[in-house]
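Visitor: Before I ask anything, here is the structure I am working with.
Please treat every number below as a calculation from the coordinates, not as lab data. Quantities reported herein were computed from a predicted structural model and do not represent experimental measurements. Using ideal geometry, Cβ is built from the backbone for each residue, glycine included, and neighbour counts are taken over all protein chains shown.
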Amino acid sequence: MNSDSQITNEEDENPFKDMGFIKFWIVSTVFWFSFPVSLVICYLALGSVKTKQLVKALVHDFLQTLFIILVVICVIIYTVYHYVSGLF
């Protein structure tokens, strides 16, 4: 029972969410450039809980980036359409 609550507490405290922008950018870049090897090294060095937290933070960052890119592209397309359609 005690170990279950300890694991839950460790999962709630994600140290990768509190990293600064530059530090997390460096960690994610190194992780993705050496993906299969980095996943194994993280699992061996940090353990399963920290590796799971890192992967969650990386996936969250990736999805957030895709969403921002999608919004920017939609705004650009709308702006171009709005101004170009007035010319015809």
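Visitor: What distance in nm lies between label points placed 7 Å from Cα along the C-beta direction at D18 and I68?
Guide: The modelled label-to-label distance comes out at 2.3 nm.
Visitor: When the chain is fully extended, how far beyond the present Cα-Cα distance does Y83 get from V55, taking 0.36 nm per residue of separation?
Guide: Fully extending the segment from Y83 to V55 adds 5.9 nm.
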